[in-house]
Amino acid sequence: MLRRIASVAVAIVAALMPGTGSAEESLVRRDFSVRSDPGVHIAVREVRSAAGQPPKRPVLLLHGARVPGIASFDLPVAGGSLAADLALAGHPVFIVDARGYGGSTRPQALALPPDAGPPAVRSDAVVRDVAAVVDRIAQHSDDGKIALLGWATGGHWLGQYAAANPDRVSHLVLYNTLYGPSDGHPTMGRGSDSEDPDHPGRFNAARFGAYRFNTADSLLPSWDSSIPVEDKAAWRDPAVLDAYQTAALASDPTSDTRTPASFRAPSGAMEDSFYLTTGRQLWDASLITASTLILRSENDFWSRPADSELLASHLVHARAVRNVQLADATHYVHLDRAERGRAQFLTEVREFLASR
């Protein structure tokens, strides 16, 4: 079942990205939606090359705990669209908003005050959303399998999907992803504000509520603190930052009803992450058979070295495993300047997707 969420017209967008070729190259973008659970529609953006060559393996991109898909992967500025980079390499790319994010159906809990319910949108719901989208787009693949790339919590969600559906995934990219069961985390977990002070070991649901409000300024601290130079513009193009903040706010139609403007993000991902950082393992990587690329930025504040190490050791049935640390890179390396890790990130992903 397919329902349009935007104009039926297909937008042909001229794309000139560093290192991708001439200005005559173009991309086709199409927005649509896929039905997941009853009453739940998942927003998807397809980005593909307008050139006539046979397409390569389809790639699904999934965002993290806070900022939805388009703001994460398809900013309208040079160096701001991972989707465009992969589409110009020949891959049909599908950017997904999990329920509760961006253009997808928002649970009723997000229309109530944040403290009116428990954390919304846990991983089991997102895995169902991913399954619905994979079923829809697998027709673009000769063998019914697609490649998956998840950023941070998106990697957790896609890892859980790939473990439960190994026959649907050809390649899996887990990018700055928590895994567990390693205990300890520098900013969340035991002893942090994420832990319920009255029930040690439990998530602080009262503090986080069903969802959180996020301003444009709230997107800066974690990025700024992980850039190891004083001049942040030397590491991150100000145009990319502005586009990122603008798109994040635009993802929520209610953002302008609050002062300052803010977008809503479900808190279920934070509860999942709390348990991953306190020694629980929410899915088993030994069930994955897809070729898997683990990418971890050296200056990542979210994942830990133990996460990538454990993932690599648990992927005993994966067709191939590559575990890469991106030197000096930040959590946001795919949005940083090319010479600050983005070029290496793109090379790793493109070469991995080209492998068998």
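Readers should treat all values here as calculations from the given coordinates under stated rules, not as data from a laboratory. Remember, it's a predicted structure, so these values are computed and weren't measured experimentally. No Cβ is skipped: glycine too gets one built from the backbone with ideal geometry, and neighbour counts run over all protein chains shown.
Listed values for segment 222-239 are Karplus-derived 3J(HN,Hα) couplings in whole Hz (6.51 cos²θ - 1.76 cosθ + 1.60, θ = phi - 60°), namely 5, 6, 4, 5, 8, 7, x, 9, 5, 7, 5, 5, 6, 9, 9, 5, x, 5, and x replaces Gly and Pro. Each residue of segment 84-91 was assigned a 3J(HN,Hα) from its phi angle through the Karplus curve 6.51 cos²θ - 1.76 cosθ + 1.60 (θ = phi - 60°); the sequence is 5, 4, 6, 5, 5, 7, x, 8 Hz, with glycine and proline shown as x. The C-alpha radius of gyration of segment 307-356, expressed as a fraction of 2.2 N^0.38 Å, stands at 1.28.
Phi angles of segment 26-35 translate, via the Karplus equation with coefficients 6.51, -1.76, 1.60 and θ = phi - 60°, into HN-Hα couplings of 9, 10, 10, 10, 9, 9, 8, 9, 10, 6 Hz per residue; Gly and Pro are given as x.
In this structure, the amide hydrogen of residue 75, modeled 1.01 Å from its nitrogen in the peptide plane, lies closer than 5 angstrom to those of 81, 82, counting only residues at least 5 positions away or on a different chain.
Output the relative contact order of segment 243-338, whole-number percent, from Cα pairs under 8 angstrom with separation of 6+ residues. Don't jump to the answer; show the numbers that get you there.
Numbers: 103 pairs, mean separation 23.5, N = 96.
After rounding, I find 25 percent.
Please name which of 103, 162, 179 has its Cα lying farthest along the dipole of segment 92-203 towards the positive end, using unit charges on Cβ (Lys, Arg +1; Asp, Glu -1) and the Cα centre as origin. Highest projection toward the positive end goes to 103.
Using a cutoff of 8 angstrom between alpha carbon atoms and counting only pairs six or more residues apart, the relative contact order for the chain works out to 18 percent. From the residues 338, 279, 76, which one has its Cα farthest along the dipole of the chain in the positive direction, the dipole being from +1 and -1 charges on Cβ of Lys/Arg and Asp/Glu about the Cα centre? Farthest towards the positive end: 76. In angstrom, the C-alpha Rg and Dmax of segment 263-354 are 14.6, 40. Largest first and in whole Å, the equivalent-ellipsoid semi-axes of segment 233-272 read 23, 17, 8, each the square root of five times a Cα gyration tensor eigenvalue. Size descriptors for segment 125-250: radius of gyration and Dmax over Cα atoms are 18.4, 53 Å.
I need the calculated FRET efficiency for the pair residue 338 and residue 232, taking r as the beta carbon distance and R₀ as 22 Å, to the nearest 0.05. Mind showing how you got there, number by number?
Values: r = 16 Å, r/R0 = 0.73.
Here the calculated transfer efficiency is 0.85.
What order, most packed first, do the peptides 206-215, 271-280, 346-355, 153-162 have when packing is the mean number of other Cβ atoms within 10 Å of each residue?
Values: 206-215: 19.2, 271-280: 22.4, 346-355: 16.0, 153-162: 27.7.
Averaged packing, sorted descending, gives the order 153-162, 271-280, 206-215, 346-355.
For a protection proxy built on the mean count of beta-carbon atoms within 10 angstrom, sort 258-265, 113-120 highest first, please.
Details: 258-265: 18.4, 113-120: 16.2.
Answer by packing, highest mean first, reads 258-265, 113-120.
Within the shell of other residues whose beta carbon sits under 11 angstrom from the beta carbon of residue 56, the net charge comes to +2, with Lys and Arg scored +1 and Asp and Glu -1. The packing ranking, built from the mean of other Cβ atoms within 10 Å per residue, places the peptides 83-94, 242-253, 309-320 in the order 83-94, 242-253, 309-320, highest first. For the chain, the spread of Cα positions along the three principal axes, ordered from largest to smallest, is 61, 49, 48 Å.
For the pair segment 338-354 and segment 259-331, the centres of their Cα atoms are 18 angstrom apart. Just add up the charged neighbours of residue 296: K/R +1, D/E -1, any other residue whose Cβ is under 14 Å from the Cβ of residue 296. Within the 14 Å Cβ shell, the charges total -4.
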